Amino acid sequence: MPIEERLRLRCVEAVAREGERFGVLAQEVEAGLTAAPGLHAPVPWVPAWRVRDLVGHLGAVHRWATAIVRAGTTDRPAAPPQPPDDGLLDWYAAGLADLLHALRSTPPDGPAWHMSPAAERTAASWARRQAHELAVHRMDLEVAAGVPVTDVDPELADDGVDEVLRVVVPRWAHTEPVSTATATVAVRSTDTGRVWTARVTQGDVVVADEDAQRVDARLQAPAAALLRRLWGRPAEVVVTGDPGAEALLRGR
């Protein structure tokens, strides 16, 4: 399904907004202006990471996405670069600025590689991917810094849920070892009113814009909470039915 121009522009705006929020908060963490004791502070929602790892991850992904968008090909790209030992926050800021320039100056229908077998192979898909990547990791950083978590805008979160179900879950389902499970799960956003039914069948994923009556599990919550839940973050979500079926929609 081609990404509409309005959605693409909204995603580019979100990359700028969320990227700036993340960068400013990271600077405050480094300067000791938050409850976090510096860039070595843990990231509670991603226990394997410190704040430095989170910043380095985003900075590397931004450069990787920029290279993919500018390559103008669907060939597999080189691996993301390694973050520097010094000047990490300046490195992050430079990478964000370069990513935004690439997203704004590259034709949205230009060819671009994507890691998911279900993704649209265009530059526009990377505006979407980076918008949601930043929104989730910005919340990770807020938790690490001990500041209130700012929910994602409902419309953007709604699209983030759609991207997880239609693009990201198929990628997870094809990641070794390929899942042999089969389940049908209904997802409903209580604030935007949107519904999805995801059918996972031994590594294949089909998503329909419907609320199927016969399912193995159901998820209901505002879109921002659904987005957090699907990305494995804490969220107040009503889950009924088989927990194992619902877990197929979340990362391993």
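The residue pairs whose first member lies in segment 73-91 and is under 11 Å from Arg52 (Cα atoms), whose second member is among the charged types (D, E, K, R), and whose beta carbons are closer than 7 Å, counting only pairs six or more residues apart or on different chains, are Leu88/Arg52; Leu89/Glu30.
The set of residues in segment 150-166 that are charged (D, E, K, R) and either open to solvent by 30 Å² or more (accessible area, probe 1.4 Å) or at positive phi (or both) comprises Asp151, Asp153, Glu155, Arg166. The criterion of being modelled with pLDDT under 95, touching a strand residue (DSSP E or B) at 6+ places or on another chain (Cβ under 8 Å), farther than 18 Å from Val46 by Cβ and open to solvent by 30 Å² or more (accessible area, probe 1.4 Å) does not hold for Thr240. Scan segment 134-149 for residues that are open to solvent by less than 30 Å² (accessible area, probe 1.4 Å) and more than 15 Å from Glu13 (Cβ to Cβ) and the total you get is 8. Say we look at segment 94-113 and pick out the residues that are open to solvent by 50 Å² or more (accessible area, probe 1.4 Å) and among the hydrophobic types (A, V, I, L, M, F, W, C); which of these is nearest to the chain's Cα centre (by Cα)? Looking at residues that are open to solvent by 50 Å² or more (accessible area, probe 1.4 Å) and among the hydrophobic types (A, V, I, L, M, F, W, C), I get Ala97. Just to be sure I understand, how many residues within segment 114-133 are open to solvent by less than 10 Å² (accessible area, probe 1.4 Å), under 21 Å from Gly232 (Cα atoms) and either at pLDDT 95 or above or among the β-branched types (Val, Ile, Thr) (or both)? So the answer is 3. Of all residue pairs spaced 6 or more apart or on separate chains, those with beta-carbon atoms under 6 Å, a first member in segment 202-221 that is modelled with pLDDT of 90 or more and a second member that is in a loop (DSSP other than H, G, I, E, B) are Asp216/Asp242; Ala217/Asp242; Leu219/Val237; Gln220/Thr190; Ala221/Val237.
When segment 21-48 is filtered for residues that are in contact (Cβ under 8 Å) with a residue 60 or more places away in the chain and open to solvent by 10 Å² or more (accessible area, probe 1.4 Å), the ones remaining, listed by number, are Arg21, Gly23, Leu25, Gln27, Glu28, Thr34, Ala35, Pro42, Pro44, Trp45, Val46. Selection of segment 167-197 for residues being at pLDDT below 95, touching a strand residue (DSSP E or B) at 6+ places or on another chain (Cβ under 8 Å) and either within 21 Å of Arg128 (Cα to Cα) or surrounded by fewer than 17 Cβ atoms within 10 Å (Cβ to Cβ) (or both) yields Val169, Pro170, Ala173, Ala181, Thr182. Of all residues in segment 49-72, those that are more than 19 Å from Glu142 (Cβ to Cβ), open to solvent by 50 Å² or more (accessible area, probe 1.4 Å) and touching a residue at least 24 places away in the same chain (Cβ under 8 Å) total 3.
The values are calculated or read from the model by the stated rules, or taken from the named source; none is laboratory data. Quick caveat: nothing in here was measured; it's all calculated off a predicted structure. Note that each Cβ is placed from the backbone with ideal geometry, even for glycine, and that neighbours are counted across all protein chains shown. To get the accessible areas, we keep the full protein, side chains included, count just its heavy atoms, and leave off ligands, DNA and RNA. Shrake-Rupley method; radii C 1.70, N 1.55, O 1.52, S 1.80 Å.
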